[in-house]
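The values are calculated or read from the model by the stated rules, or taken from the named source; none is laboratory data. Computed from a predicted model, the values in this text were never measured in an experiment. Quick reminder, even Gly has a Cβ in these numbers, built from the backbone with ideal geometry, and neighbours come from all protein chains shown.
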Amino acid sequence: MSLNQSIKVLFITPEITPLLKTGGLADVSAALPAALRDHKVDVRVLLPGYPRVMDGLKHKRLLATLTDTGVHGEVKLLEAELPGSGVPLLVIDYPPFYERDGGPYLDHNGLDWVDNAHRFALLSKVGAILGSTKSPLGWRPDIVQCNDWQSGLTPAYLHFSPAPNAATIMTIHNMAFQGTFPASLTTPLGLPASSYNINGMEYYGQLSFLKAGLFYANHITTVSPTYAEEIQQAPLGFGMQGLLAHRYLDLTGIVNGIDINEWNPAADKLLDHNYSVDNLAGKAANKRALQNKLGLTENPDIPLLGVISRLTHQKGLDLLPTIASFLLEYPVQIVILGSGEAGLEASFLQLAQNHPDQVATVIGFNEALSHQIEAGADIFLMPSRFEPCGLNQMYSQCYGTPPIVHSTGGLVDTVVDATPENIANGTATGFIFTHATTHGLNECIHRALDIYRDQPTWRKLQSNGMRRDFGWNKSAEEYLALYEMILKSF
Ligand code: ADP
Ligand code: GLC
């Protein structure tokens with residue numbers, strides 16, 4: 001391939017905004033391909049045809065019918081465009097695996113679908129077919145970029161199929177999700193018995209889709225430079241640190257961007273009042289609207305802390321209820337939007353019940369409210385124990401809502417701590433604490449509240465954050481340079 005031509009990339013994902021989202025991967029899967037297309041990369045996105053994908057796409061055209069995918073019957077491949085950006089999509093239409101109510105990974109009871117190994121092996125397999133000479137399409141990718149464990153088998157399938165094939169990248173969004181299944185599935189999933197090996201996809205007596213990707217891909221990326229370092233060691237390597245450290249020359253951290261069209265307080269249609277760095281009056285109006293909507297005391301001077309998160313151990317929010325009982329003796333308000341572990345949901349609901357004027361808890365996934373919290377809160381809380389990249393800390397900086405974050409992963413790569421030095425040199429945008437403990441978080445909240453009382457300094461933090469460019473442009477350029485480098489040596 002001549003590098004003067006467009007590089008062709010097949011981007012495989014299990015979720016994509018606005019069709020189906022459980023977390024940041026969906027946002028990245030929509031925004032990164034769009035940004036790459038602006039850089040003349042010919043990207044197409046492959047994903048499963050869940051009901052929300054099929055219903056959300058108006059014009060679908062049959063592209064091909066695939067056989068030899070390892071499942072019974074025909075698998076149809078449809079072509080469509082992502083609403084909004086028009087990014088080309090390739091949708092796998094296979095009702096026995098994808099046409100069901102419930103989430104993409106979990107059933108109604110919150111349990112993994114029992115056939116997840118087969119559901120995502122099919123996604124991986126179709127990705128491998130499209131990246132090989134067996135592809136029925138005229139379009140053949142130079143690179144297949146896999147995202148998280150759900151497409152982790154693609155590099156393995158391609159490794160064991162006759163060349164020439166596309167080069168593969170395994171992009172890690174979260175090492176905590178590994179796709180581990182019984183070793184006995186190796187042959188049924190169409191992989192040679194030899195691949196079930198410590199030098200292969202074996203992981204503590206099981207078969208791991210993520211490890212398959214990390215072992216067989218030509219290159220590995222993750223979503224921030226700091227996380228790329230952290231996963232080469234325990235505990236954040238989740239048992240795969242040895243492999244990652246061994247492959248460190250093939251491992252690149254590129255920080256995510258955000259969709260600055262969707263997350264722009266000056267144009268955000270989900271807000272009652274738009275505002276910008278030059279006029280923050282609308283932000284105060286959004287705060288009043290949020291307090292009113294959630295039944296909190298309407299007072300512009302009470303600092304309002306916002307949380308929008310999956311409620312899981314990763315996000316460190318279990319530290320908050322312990323601190324809150326002391327914190328709420330001060331004039332402080334807290335708004336929590338999230339869902340996840342039942343115990344955490346219950347403690348936040350209890351907190352709101354005990355302090356109805358000061359705390360509001362909304363359990364569930366609510367896109368509009370998430371924008372209104374980013375705009376209406378004064379401070380954003382993100383005490384994640386680990387965070388491969390994180391998006392909300394970037395949204396909050398754009399919305400003039402300085403974040404409090406734990407010193408980990410993408411959080412340290414995207415937030416500048418309000419040390420006296422950083423305040424003086426005009427770079428501070430938020431607050432970083434070192435130890436993910438109640439003490440560490442509590443101290444940091446008080447540090448932020450002290451500065452909040454010094455309104456001129458607070459305005460500077462807001463303005464420093466709002467003036468930063470978190471768009472995808474720079475990251476897309478880094479991906480493009482990486483693609484070129486991989487193809488040169490492939
Ligand atoms: P992760 O993918 O680990 O959950 P990120 O910060 O990368 O973390 O992305 C989370 C995304 O999901 C953000 O866009 C955030 O606003 C959104 N989100 C999380 N929980 C909710 C919720 N309950 N309602 C609306 N949006 C949510
Ligand atoms: C994962 C990570 C999060 C990251 C997102 C998108 O869900 O937990 O930190 O921002 O993927 O890359």
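So, Gly426, is that one touching a residue at least 24 places away in the same chain (Cβ under 8 Å), out of contact with any His (no Cβ under 6 Å at 6 or more places or on another chain) and crowded, with 24+ Cβ neighbours inside 10 Å or not? No; evaluated as a whole, the condition is false for this residue. In region 1-17, which residue that is more than 16 Å from ligand 1 (Cβ to nearest atom) and in a strand (DSSP E or B) is farthest from Asn256 (Cα to Cα)? Checking each candidate, the answer is Lys8. Residues in region 385-409 that are more than 8 Å from ligand 1 (Cβ to nearest atom) and either in the same structural domain as Asp27 (by TED's automatic domain parsing) or outside any strand (DSSP E or B) (or both): 13 in all.
For region 270-293, the criterion of being crowded, with 19+ Cβ neighbours inside 10 Å, farther than 30 Å from Gln178 by Cα and among the acidic types (Asp, Glu) is met by none of the residues. Just for region 294-319: of the residues that are free of Cβ contacts under 8 Å to residues at least 60 places away in the same chain and within 16 Å of ligand 1 (Cβ to nearest atom), which one is surrounded by the most Cβ atoms within 10 Å (Cβ to Cβ)? Applying the filter and picking the extreme gives Leu311. Residue pairs whose Cβ atoms lie under 8 Å apart, sitting 6 or more positions apart in sequence or on different chains, and linking a residue in region 174-189 that is over 13 Å from Gln150 (Cα atoms) to a partner that is among the charged types (D, E, K, R), are Ala183/Glu202.
Counted as qualifying within region 177-290 are the strands (runs of 3 or more DSSP E) with 2 or more residues that are hydroxyl-bearing (Ser, Thr, Tyr), namely 219-222.
Considering only residues in region 113-148 that are among the charged types (D, E, K, R) and at pLDDT 95 or above, the one that is nearest to Gly213 (Cα to Cα) turns out to be Asp148.
When each of Leu20, Leu57, Leu32, Leu82 is tested for being more than 16 Å from ligand 1 (Cβ to nearest atom) and touching a residue at least 60 places away in the same chain (Cβ under 8 Å), the lone residue that passes is Leu82. For region 320-333, the condition of being at pLDDT 95 or above, within 11 Å of ligand 1 (Cβ to nearest atom) and touching a strand residue (DSSP E or B) at 6+ places or on another chain (Cβ under 6 Å) holds for none of the residues. Among the residues of this structure, Ile363 counts as one that is of a type in the set (A, V, I, L, M, F, W, C), modelled with pLDDT of 95 or more and either assigned by TED's automatic domain parsing to the domain that holds Ser224 or within 16 Å of ligand 1 (Cβ to nearest atom) (or both). In region 410-427, the qualifying residues are those that are hydrophobic (A, V, I, L, M, F, W, C) and either in contact with a Pro (Cβ under 7 Å, 6 or more places away or on another chain) or not in a loop (DSSP other than H, G, I, E, B) (or both), and the one that is nearest to Tyr275 (Cα to Cα) is Val415.
Among the residues in region 62-71, are any within 16 Å of ligand 1 (Cβ to nearest atom) and β-branched (Val, Ile, Thr)? No, the conditions are met nowhere in region 62-71.
If only residues of region 153-181 that are within 16 Å of ligand 2 (Cβ to nearest atom) and in contact with a Ser or Thr (Cβ under 7 Å, 6 or more places away or on another chain) are counted, the one that is farthest from Val114 (Cα to Cα) is Ile169. Tallying residues that are crowded, with 22+ Cβ neighbours inside 10 Å and either out of contact with any strand residue (DSSP E or B) (no Cβ under 9 Å at 6 or more places or on another chain) or under 28 Å from Val114 (Cα atoms) (or both) within region 132-152 yields 9.
Does region 368-379 contain at least one residue that is within 16 Å of ligand 2 (Cβ to nearest atom), touching a residue at least 40 places away in the same chain (Cβ under 8 Å), buried (at least 24 other Cβ atoms within 10 Å of the Cβ) and in a loop (DSSP other than H, G, I, E, B)? No - not one qualifying residue is present in region 368-379. If you go through region 9-34 and keep only what is within 18 Å of Phe209 (Cβ to Cβ), modelled with pLDDT of 95 or more and within 9 Å of the chain's Cα centre (by Cα), you end up with Leu25, Ser29. Taken over region 159-178, the residue count meeting the criterion of being within 16 Å of ligand 1 (Cβ to nearest atom) and of a type outside the set (A, V, I, L, M, F, W, C) is 4.
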